[in-house]
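Have a look at the structure below, then the notes.
The values are calculated or read from the model by the stated rules, or taken from the named source; none is laboratory data. The model shown is predicted, which means the values in this text are computed figures rather than measured ones. Every residue, glycine among them, receives a Cβ derived from its backbone with ideal geometry; neighbour counts consider all protein chains shown. Heads up: the accessible areas ignore ligands, DNA and RNA and are worked out on the full protein's heavy atoms, side chains in. Shrake-Rupley method; radii C 1.70, N 1.55, O 1.52, S 1.80 Å.
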Amino acid sequence: MTAFDGPLQEMFLPIHGYVRLYAEEVAVINHPTFQRLRKCRQLGFAHMVFPGAMHTRFEHSIGAVHVTDRIVENINLNCRNFEHKSKLPKANNNVDLVCRKIDDNVRKIVRLSALLHDIGHLPYGHSLEDELEHLDKHDASNRLDLVTNAQFGNFKWPDSIREKSGQNREWIKIKNSASLRQLVDLLYRKPLKELGLDTKLSPMRVVELVASKGPTSAVENGPEMTAWQADIALMEKVAPVQACRDIVGNTICADLLDYAYRDWYHLGRPLYEDLRLYQYMEIRAPVTEADDHSKWDFVINVGPEGNRRLDALTDILQLLETRYKLCETVLFHRTKLAMIALVDRCLIEIRRLYLELDLRADNLGEDLESPEEYLRHEAVDLLLRGSDDSLGEILKKLARGGRSKSNQEKVQNALRGKVQAKRRTSKPKKGKSAEVEVATLFEDDIADDSLTASSSLPFPSAGAVDRTKLIDDLIERIRHRQVYHELTNRRADEFPSMDVEHIVDWYKWPSDREALLHMIEHHCSLPSGSLLMYCPPDTRMNAKVAEVKVLIDGRIVELYTYEKENGSKEGTLTSGAVGAQLRRFQHLWKVRYFIHPDVWESLSEQRRITLVHIFKQLATPEKNGAAKGILRKSLEPLFNEFAGETKQAARGGHEMPIDSPILSDRTQLSNGVPFMFPE
């Protein structure tokens with residue numbers, strides 16, 4: 001391994017042992033932006049079920065550097081072996097596709113990209129972004145810009161970094177407040193200069209091209225996509241961009257080969273890591289286009305016909321099984337998903353509160369046109385400053401209106417207006433003022449002398465207090481791991497005549513989940529907040545290992561594609577194991593519905609059955625009002641059955657009617673916070 005300037009430094013990690021790092025990489029690791037990853041757990045809420053799952057993205061990111069370098073080292077070693085065997089017959093050596101090496105400068109960039117591949121992550125990022133769609137993706141350009149441009153004026157850099165960079169003038173400008181982007185651009189100028197890219201692309205932009213997914217399809221023809229494609233084309237003149245992307249984070253990649261073993265180690269079930277697969281990793285290119293970097297592919301060479309490397313196929317299947325087991329056992333454990341659903345409902349209600357009170361970005365200098373945009377902006381800002389353990393406090397601050405003082409006043413005035421309206425119709429408790437009643441809604445957090453009522457702000461709808469109480473209840477349940485009871489679940493094949501992608505497209509948006517849950521709560525006269533749901537956003541259920549590119553019979557093809565093409569032939573590569581495993585992944589896909597345990601306990605057996613049938617009968621209408629009305633109509637018999645059972649129970653006196661005081665808006669649930677009916 002060739003260092004930039006001077007000796008390598010070492011860091012000891014579980015799984016890999018000593019990881020060797022360039023001094024420049026250590027400087028990046030020591031930056032406050034990277035240190036923030038210490039506060040983001042790798043497996044989110046999994047520690048609620050598996051107490052050992054406390055490892056962080058900080059540890060994983062450094063581990064990914066080690067795996068990346070191991071991959072590159074084996075690619076170059078295999079290329080040298082290929083060159084030594086070049087005199088063998090063409091049919092035995094696949095020489096139509098020649099081997100290529102990764103040079104030292106590209107190697108440094110790929111290592112840096114692996115180090116920073118998770119830099120945009122927030123606490124519980126995968127849940128809030130990928131699973132629930134409340135926030136933008138962690139590797140989107142706007143998130144990376146926000147994170148890497150953050151300034152830290154109270155952090156001073158040692159002069160040794162200036163000596164490493166050799167850029168005294170630039171160093172003077174940034175040494176007392178360097179953002180991560182400035183630091184990377186300063187330290188990695190030399191490798192880009194040697195590649196001939198220093199005047200065309202910044203080092204941090206190169207990292208984005210390698211480590212991020214790029215612009216979404218929504219901006220396919222926009223300026224962002226045009227700039228992305230132009231920069232990719234520039235980099236491809238000197239480096240194999242797609243091959244580098246595949247090494248860092250695609251199918252079988254540094255990301256997977258670190259977390260697959262790291263996650264199980266911390267879960268308490270360590271796996272043995274077989275390094276044999278690395279010996280089959282290569283970069284191949286057509287012999288006629290060997291100098292065209294866009295044609296280079298990162299592949300697993302499974303050998304020519306008659307000399308198959310069956311152990312390579314076994315290792316690929318083992319990784320697929322490891323990924324499946326992680327999904328089945330941990331990622332989609334029902335308790336973990338119940339916690340995610342609690343956070344989802346909490347954010348849904350906060351979103352509704354922002355819309356009701358018309359909370360916007362006041363005097364923040366932000367181009368935020370709607371309450372939803374303001375909520376996303378505030379959530380990202382608070383999460384970047386916070387940690388997994390501060391999620392409850394972050395949700396509390398969001399429920400108070402975010403950082404804007406005027407929005408905080410709007411929330412307080414809404415609550416005061418509701419309390420004052422109640423005081424006009426009912427006598428307040430002796431010795432307790434309306435202001436005290438409002439303050440108790442937020443406990444001690446709301447008590448701020450700088451926030452005063454403003455008579456110029458109108459009182460919003462009377463539902464603000466009720467919604468705030470519900471939000472507080474949900475936050476307390478999140479803090480204390482008080483999960484809801486799983487009511488029922490539905491696999492993809494239980495949605496008759498529906499395409500799974502259609503189902504995901506319907507349920508993945510918070511506004512659609514809100515509409516569904518509120519509709520059922522309303523028509524079943526259940527207290528608001530009684531129901532939660534979780535819908536996996538990825539129909540493949542993280543099964544992309546099967547899409548790894550393999551070199552076979554003189555061509556490069558995805559493993560699953562090859563298996564499909566040859567599925568009817570005898571002696572396929574895996575004898576159908578890949579297809580069978582992918583079907584197992586598909587069976588993991590379920591929409592889950594949860595119910596508050598106190599509400600569940602209050603229902604008779606018959607009403608429980610009816611409520612389960614309501615969810616089992618759900619379809620996914622097209623996104624228009626008429627179709628939603630049809631959905632509601634189709635469920636009316638079950639709604640009537642649910643209501644009829646309630647009336648019959650009330651007349652017979654053998655069950656608590658739904659409108660009894662025990663389930664009214666005065667009901668005290670297990671944590672002392674009342675539930676409210678929708679208005």
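Annotations
- The sole residue among ASP553, ASP538 that is among the acidic types (Asp, Glu), open to solvent by less than 50 Å² (accessible area, probe 1.4 Å) and in contact (Cβ under 8 Å) with a residue 60 or more places away in the chain is ASP538.
- Subset of the range 312-359 (residues that are open to solvent by 40 Å² or more (accessible area, probe 1.4 Å), more than 20 Å from PHE45 (Cα to Cα) and charged (D, E, K, R)): GLU321, ARG352, GLU356, ASP358
- The one condition in (1) in contact with a helix residue (DSSP H, G or I) (Cβ under 6 Å, 6 or more places away or on another chain); (2) within 24 Å of GLY6 (Cβ to Cβ); (3) at pLDDT below 90 that ARG169 fails to fulfil: (1)
- Filter pass, ASP291 being part of a loop (DSSP other than H, G, I, E, B), under 23 Å from LYS101 (Cα atoms) and touching a Leu at 6+ places or on another chain (Cβ under 6 Å): no
- Per the listing PHE4, PHE45, PHE12, the residue uniquely at pLDDT 90 or above and open to solvent by less than 60 Å² (accessible area, probe 1.4 Å) is PHE45.
- Qualifying positions in the range 221-242 - assigned to a loop (DSSP other than H, G, I, E, B), closer than 20 Å to SER113 by Cα and either open to solvent by less than 50 Å² (accessible area, probe 1.4 Å) or among the acidic types (Asp, Glu) (or both): VAL238, ALA239, PRO240
- Cβ pairs under 9 Å, 6+ apart, first in the range 399-411 and touching a residue at least 24 places away in the same chain (Cβ under 8 Å) and of a type in the set (Ser, Thr, Tyr), second open to solvent by 40 Å² or more (accessible area, probe 1.4 Å) and in a helix (DSSP H, G or I): SER404/LYS410
- Options LEU192, LEU187, LEU256, LEU267; residue that is in contact with a Ser or Thr (Cβ under 7 Å, 6 or more places away or on another chain) and either on the phi > 0 side of the Ramachandran plot or not β-branched (Val, Ile, Thr) (or both): LEU187
- The condition of being touching a residue at least 40 places away in the same chain (Cβ under 8 Å), under 14 Å from LEU115 (Cβ atoms) and out of contact with any Phe, Trp or Tyr (no Cβ under 8 Å at 6 or more places or on another chain) does not hold for LEU37.
For every residue, the table says whether it meets (1) out of contact with any Leu (no Cβ under 7 Å at 6 or more places or on another chain); (2) open to solvent by 10 Å² or more (accessible area, probe 1.4 Å).
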{"residue": "PRO286", "(1), (2)": "no, yes"}
{"residue": "PHE298", "(1), (2)": "yes, yes"}
{"residue": "VAL302", "(1), (2)": "no, no"}
{"residue": "LEU310", "(1), (2)": "yes, yes"}
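- Residue check for VAL343: in a helix (DSSP H, G or I) and farther than 23 Å from LEU517 by Cα: no
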